[in-house]
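Please treat every number below as a calculation from the coordinates, not as lab data. It should be emphasised that the depicted structure is a prediction, and the values quoted were computed from it without experimental measurement. Backbone-built Cβ (ideal geometry, glycine too); neighbour counts: all protein chains shown.
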Amino acid sequence: MKKHHPGRWGFVFILPWLIGFLLFTAGPMIASLVLSFTRYDLNTIHFIGTKNYERILFDEPLFWKSLQVTVTYAFFSVPLGIAGSLGLALMLNQKVAGERLFRTLFYLPSLVPSVASALLWSWIFNADNGLLNYTLGLFGWGGVEWLADEKYTLGAFVVMSLWGIGGGRMIIFLAGLQGISESYYEAARLDGASAWRQFRNVTLPLLSPVMFFNLILGVIGAFQVFTQAYIMTAGGPNNATLFYALSIFRNAFEYFKLGKASALAWVLFLILLAITGIQFWASRRWVHYEGEAKS
Amino acid sequence: MKKAPLLVFLILLSVVALVPFVWTVSTALKDDQEVFAFPPRWIPETIQWGNFQKAWTALPFTQWVLNTLVITIACTIGQMLTGSLVAYGFSRFKFKGRDTLFGIVIATMMLPGQVTMIPVFMIWRELRAIDTYWPLILPAFFGGGAFNIFLIRQFFLSIPNELDEAAMIDGASYLRVWWQILLPLSAPVLATVGVLSFIGHWDDFNGPLIYLNSPEKYTVSIGLRMFQDSYGSETNLLMAASLIHILPTIVLFFFAQRYFMRGIQLSGLGGR
Amino acid sequence: MKQALAFAGILIAALAASNCTTQTDRRIQLRYMAWGNVEQLALEQELVDRFNRKNPDINVRLFKVPQSAYGNKSIVMFASRTSPDVVRVDHFNFPQLADRNYFRDLSEFTETDPEFKAEEFFPLAMQENYSNGKLQALNVLFGGGVMIYNKSLLAKAGLADPYELSKKGEWTTDRALEYGIKLTEFDSNGRPSQFGLGFPNMPFYIGLMYGFGANLLNEDLSRSAMDTPEAAQALQWVADLRWKHRVCPSPAQGANAAFGFETGRLAMEFNYIGVTSRYREKIKDFEWDICPLPDGPKGKSLFVKGNQLVMYRETKHPEAAWRLMKFIVSEEAERFLYIEQRRQSPTRIKLAQSSEFLEPKAPPFNMPAVTESVKSGKVLPIGPRWPEVVTVVGSELDGLFAGRDRDAKVVLQRAHKAVNKLLSEDPGL
């Protein structure tokens, strides 16, 4: 009987990943770990122990600043984004006239290439003649330096991120909703459950693996925001959009401090590992699986 | 009709969501002078259809579209196939070190690419693969990346185990269970992975930038950036080229969503 | 399934095709990398084609890279030792890269090649090519900052031509501000509909600092020089343009296209001569020209900056690479780039002083303004740590330029301290 050695087969199936990991990921990861204990300026390399880490944690205000920027951004953009995507997915999961058209329309924003959307948003947020200030001006407000005044820039980035709620995350929710059998709702309706109770007791629990997936990915994604900040504000004004990934990029590719950049990357790695670990731990309380291998 | 308020709401919402996109289209159709007219002008005075042709012929885009297509389709196939295979291994089998290995899968998403970029590049250099498509395509065939493995695994987990057990009692092999039971049931997630993977590679900039040197091997996303420079960008041409660039993905999305919507009648099969 | 297999077959064929290069060719294969937009890269390609025609034993291939990603790509190539043989680098990055020993010392060629005469080039242009006392580059796309002005708008406002004023030494920062105020207009809602001056972003504000008798760093670039009253005065002048006099658009990056010079709603701007090829193509309904940056209270605000053409240290074909480099700064190539295409200013003195260059048939006509800056401007304070310095200074100045901080002196004190702290630290940490 096959049932005696299912484990071995599992190992066979994950081989493609394992080989790729050993070939292209493990080596470079170890290399960056080693580099994080060196002073490497792309020319000479010296072992310096934990100096990079000491420097980052105790003598680098920009490290804390970039952490603050990224965490603030994640704190607002991830929950808002997930709620928005879920809301959209719920609406688009109804049988509405032109549902396919709507789904495509909401998906469009995330298709626009990043260079084009960076230009687009620079114009929308332009202080002198941007669409936003123009529209506000019709109501007598306006004159805000959205991208030049550090008070507003991060908010502008959160707004920008919400433009993408109809994107990949929404599709994943939609696919998840499609995976929920109508029979559950029928049963709930027979019990006289209201629409809200159906959502609360059927949709949410059954969608929880997807929600969990989106949450983990959302947090990791927020810590890797780079392109828009690089193109639109270059981390400014006054480091208000110095996202963590941008800070790593600068240290590595602009300042040529590859040792320090590696240390920054590993600190981020540990932070994300901790956050994700906590999420996995907490997920036992709210994520509901049907088919996990229990043997 | 009870859905009428929802419909109205959706229309309103899509109007708001589409404002920036409409501006992209409108900009693509303006002449140089009108691009930044103030107050904003939504409909160009004279519509410049010629911008599309101008943008397209300014650079060898036809060649680059073909290149992008080859890379993108190969990556999409690789990610769907190997991603679901690996996810099958992680979701349906209990073997020693499984959870640790899955933890490592997730962890690989957390190390930012910037610091591994140079070591990875050096590996490809040793393999003499710089300025070829191998560094862009081959990684897709090694499990297709943590994101896809994780996503497909999440979906496999929500498919009841009884289905594959029943098939195995009928004598099906593991590979057969994966191909004939799980994959058909996972149409929504596979369509999702396929579409996201296609779009991701279609728009990938960093990979082609770093690994490709010969202009004849470039992809469209590199070309788009050439409309931008420090003296001010050719905004209308950039927008026009971007629109042509995203056209295939819009069409793909419009038709692929049928598969997200096919749904799985778990009740009929699983007997719950 | 069959379709999938057929498709896989096509893919593999395509991949195989991408892999092989036709290797029957006996020529020396040389790689040259440069960045640019569509038109600029076409000019580079034209140069390369000309070189290939003249040198049948060499085949140069041009790697075309978009500007926004050039730094990233070139670093990966230098660090992994796969760099092209000849590379153009921006002067902002040149000293930093030269410090990593990526470039070959060119004196072995310049001293032995009778065709190359250093004295034919502007001394300022040659000065930029040295790093750590070694000649490591040739200068290309050299030039200084200028002001570009909308002649039609100035005439309408009854203002004297700034180029004529500059000849008499009367084109000053005071006068420029006065022009800015007179040329700024508001609509009925109080919103600006036309701005008098463009915002002088980096490095133009450094030029203005020169005019006020200040500098960013000291002579040997080892410490900040921003604690002087002159430095505060210069940057106060810049910040006041927007926040006191409201004569220029927002300094936010990439946000100024709405008041781009070519729209006719910006009367004067700070820019390089290289932008004018774009203006010649786009501007149809007004007259325009160039003049030098306005003199400050302590002298001229002229500065220069070029790009460096370098030879990768580990190139397998140094002789061939040198021939390519020499060609790109040859009279023929410079005539093509700078006189026919007017991309920047020639680095060759003779060409820059020729009537072909000084008396063009299309705007801008006041070309001596360019020659003036390459002859008597100052180089920028760019050393190996420039990227860090400019980021630190930039983030301090952001508050001033966004109107959050109003006192330049306070801001510069902070910037001064931050830069000194930076420069005193281990450069690798």
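Past the 35 angstrom mark, what percentage of all C-alpha to C-alpha distances in segment A:38-286 do you count? Roughly 29 percent, rounded to a whole number.
Summing Lys and Arg as +1 and Asp and Glu as -1 over all other residues whose Cβ lies under 13 Å from the Cβ of C:Asp295 gives a net charge of +2. Shielding value for A:138-147 is 3, the average number of Cβ atoms from other chains within 10 Å of each residue's Cβ. Candidate cross-link partners of B:Lys3 among the lysines, defined by an alpha-carbon separation under 19 Å and a same-chain spacing of 8 or more, comprise A:Lys95. Please compute, over every Cα-Cα pair in chain B, the percentage with a separation greater than 33 angstrom. When every Cα pair of chain B is considered, 40 percent fall beyond 33 Å. Which angle from 0 to 90°, rounded to the nearest 10, does the C-alpha axis of helix B:61-92 make with the longest principal axis of chain B? Value to nearest ten degrees: 20. The listed peptides C:235-247, A:274-286, ordered by packing as a protection proxy, come out as C:235-247, A:274-286 (highest mean of other Cβ atoms within 10 Å first).
The 3J(HN,Hα) values that the Karplus relation (6.51, -1.76, 1.60; θ = phi - 60°) gives for segment C:170-180 are, in residue order, 10, 8, 10, 4, 4, 5, 4, 5, 4, 4, x Hz. Gly and Pro appear as x.
Summary of the geometry: segment C:360-378 and segment A:145-216, compared by the centres of their Cα atoms, lie 60 Å apart. Counting Cβ atoms of other protein chains within 10 Å of each Cβ in B:162-171 and taking the mean gives 1. Which helices of chain A meet both criteria: a Cα extent of 30 Å or more along the helical axis and a mean Kyte-Doolittle score no lower than -1.0, with helices taken as whole DSSP H segments? For chain A, where a helix must reach 30 Å along its axis and average at least -1.0, the hits are A:61-92, A:258-286. Computed over neighbours whose Cβ is under 14 Å from that of C:Phe327, the net charge equals -3, Lys and Arg +1, Asp and Glu -1.
Highest mean packing comes first when the peptides C:148-157, C:285-294 are listed by Cβ atoms within 10 Å, giving C:285-294, C:148-157.
In degrees from 0 to 90, rounded to the nearest 10, what is the angle of the helix C:2-19 Cα long axis to the longest principal axis of chain C? With rounding to tens, the tilt is 80 degrees. Here the protein assembly as shown yields Rg over Rh of 0.98, to two decimals, using C-alpha coordinates and the Kirkwood radius. Cβ-Cβ distance of B:Thr46 and C:Glu332, R₀ of 45 Å, FRET efficiency by 1/(1 + (r/R0)^6): the value works out to about 0.60. Taking every residue in A:212-222 and counting other chain Cβ atoms within 10 Å of its Cβ, the average works out to 3.
Highest average first, the peptides C:81-92, A:80-91 ordered by how many other beta carbon atoms sit within 10 Å of their residues are C:81-92, A:80-91. The amide H of A:Thr38, built 1.01 Å from its N in the peptide plane, has A:Ile48 as neighbours under 5 Å, considering only residues 5 or more places off or on other chains. Taking 12 Å as the straight-line reach from the Cα of C:Lys73, the aspartates and glutamates in range (excluding those fewer than 8 positions away in the same chain) are A:Glu254. Charged neighbours of C:Asp57, selected by a Cβ distance under 9 Å, balance to +2 (K, R count +1; D, E count -1).
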